[in-house]
């Protein structure tokens, strides 16, 4: 037991986590002692770590096949869980597979089976049909954000996958939504439920901003300017609306990123990277950004358009006021528009004129080398500190991928660093460096 505690503390140090929150502590105990678990907790409370810690403790280091299968509804969530697992530094192989990624890359990664396999239902079903990996040692199944998987039409694939997992003896389902019925095909018998949805003390303020114009664009810009460069997400319902809003923000010199389903995976990932490192303080997004993404705590949510369902309104707002922090959600409403059922009686906010936000102090640089090239975060930091002569406050977040890396640097130094390092060598490998 003492050894397990020591190993867990080592993982938490690597992740920069001081201690587990009450939900994570309870989840660890229940998952260790129960065959079927339903974990209900708000977005951003650390459900990924809550189920990974007890799962990793039970892995067999001598097994050469997949032992844990984690099904997720989106590519971003698959990537996030893979990243967290790698950063835990346990020594167990982990891979994520998902649509929009080359099948041949998947097959290379899965040639030597990971202990933990993460994937979207469609892509996992593809690999099962191809026989890319064996299922005989998969004893743990996780359905993360399972309500979303069922909602977006993965039911047939999920039935097919679960039916092929003959040796599963532990099932863990997670969600940020309560009251979702669990289909019989999941095989969840007499589950233990960990419910932290009702324990959340909301520090969220929901305010309505009245727009004199039907398109609401002018008041949106005034609202964004009033936030004084604090991180925020503007939620829209459709891609066309996002493109219209984005064009208007650009015309008003407001730096931002976009995030929606039909974007190229590479572009979606870069939007999140630039948001995490401060290059962008603002994202214009559909409900795809409402949950399951690895983004920092933010202070403001802006509903340029309201969702059709109350649950999605809740999930959007769950991006702020998390873990006892305060946050504000603004609903922009045309003056002749009837208030929604879930925004009635909201306080009316009067927006005062503010100057446009200043450009970000950060730029994001791309480096054409990653883990597979034996390049580490330390190698990159050393390059920028020693040869680039950066001070500590001029080097931001480093995100290391399999074949590349992204580095946040002081905007004032970006051009100089590109000139210095593009076509230079890192770990005896020639690298390209450019701004993204």
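The values are calculated or read from the model by the stated rules, or taken from the named source; none is laboratory data. Computed from a prediction, not measured in an experiment: that's the story for all the values here. As a convention, Cβ positions derive from the backbone with ideal geometry for all residues, glycine included, and neighbour counts pool all protein chains shown.
Taken together, 361, 317, 336 contain a single residue that is under 30 Å from residue 410 (Cβ atoms) and either modelled with pLDDT of 85 or more or in the same structural domain as residue 417 (by TED's automatic domain parsing) (or both), which is 361.
Conditions (1) outside the structural domain of residue 214 (by TED's automatic domain parsing); (2) buried (at least 16 other Cβ atoms within 10 Å of the Cβ); (3) at pLDDT 95 or above, marked per residue:
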{"position": "290", "(1), (2), (3)": "no, yes, no"}
{"position": "298", "(1), (2), (3)": "no, yes, no"}
{"position": "326", "(1), (2), (3)": "no, no, no"}
{"position": "331", "(1), (2), (3)": "no, yes, yes"}
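Checked against the criterion of being over 19 Å from the mean Cα position of the chain (by Cα), more than 24 Å from residue 146 (Cα to Cα) and not in a loop (DSSP other than H, G, I, E, B), the range 251-268 contains one or more residues that satisfy it.
Any idea which residue in the range 393-431 is surrounded by the most Cβ atoms within 10 Å (Cβ to Cβ), counting only those that are outside any strand (DSSP E or B), over 24 Å from the mean Cα position of the chain (by Cα) and at pLDDT below 95? Quick ask: steps written out before the conclusion?
Restricting attention to the range 393-431, the residues satisfying the condition of being outside any strand (DSSP E or B) are 393-394, 401-404, 411-423, 427-428.
Applying the additional criterion that residues be over 24 Å from the mean Cα position of the chain (by Cα) yields 393-394, 411-423, 427-428.
Those left that are additionally at pLDDT below 95: 427-428.
Values: 427: 13, 428: 7.
Going through the qualifying residues, I end up with 427.
Against the definition (touching a helix residue (DSSP H, G or I) at 6+ places or on another chain (Cβ under 9 Å), closer than 29 Å to residue 233 by Cα and not assigned by TED's automatic domain parsing to the domain that holds residue 224), how does residue 397 come out, yes or no?
Taking the combined requirement at face value, the residue satisfies it.
Looking across the range 167-179, the residues that are at pLDDT 95 or above and either more than 14 Å from residue 70 (Cβ to Cβ) or surrounded by fewer than 13 Cβ atoms within 10 Å (Cβ to Cβ) (or both) come down to 167, 169.
Would you confirm whether or not the range 112-128 contains a residue that is part of a loop (DSSP other than H, G, I, E, B), at pLDDT 90 or above and surrounded by fewer than 18 Cβ atoms within 10 Å (Cβ to Cβ)?
Step one: of the range 112-128, the residues part of a loop (DSSP other than H, G, I, E, B) are 112-115, 120.
Subset that is at pLDDT 90 or above: 112-115, 120.
Filter again for surrounded by fewer than 18 Cβ atoms within 10 Å (Cβ to Cβ), leaving 112.
Yes: the range 112-128 contains one or more residues that are part of a loop (DSSP other than H, G, I, E, B), at pLDDT 90 or above and surrounded by fewer than 18 Cβ atoms within 10 Å (Cβ to Cβ).
Taken together, the criteria exclude residue 46 from residues that are buried (at least 21 other Cβ atoms within 10 Å of the Cβ) and within 30 Å of residue 261 (Cα to Cα).
Residues in the range 184-206 that are in a loop (DSSP other than H, G, I, E, B) and modelled with pLDDT of 90 or more: 187, 188, 189, 190, 191.
Touching a helix residue (DSSP H, G or I) at 6+ places or on another chain (Cβ under 9 Å), closer than 15 Å to residue 143 by Cβ and outside any strand (DSSP E or B): does that describe residue 51? The answer is yes for residue 51. On the given criteria, is residue 189 under 27 Å from residue 56 (Cα atoms) and without any contact (Cβ under 8 Å) to a residue 60 or more places away in the chain? So residue 189 fails the test. Evaluation of residue 32 against the conditions (1) in a helix (DSSP H, G or I); (2) in contact with a strand residue (DSSP E or B) (Cβ under 7 Å, 6 or more places away or on another chain); (3) touching a residue at least 24 places away in the same chain (Cβ under 8 Å) shows that the sole unmet condition is (2). The residues of the range 354-378 that are buried (at least 17 other Cβ atoms within 10 Å of the Cβ) and assigned to a helix (DSSP H, G or I) amount to a single one, 373. Residue 75 satisfies every condition listed in (1) surrounded by 22 or more Cβ atoms within 10 Å (Cβ to Cβ); (2) under 22 Å from residue 132 (Cβ atoms); (3) at pLDDT 95 or above except (3).
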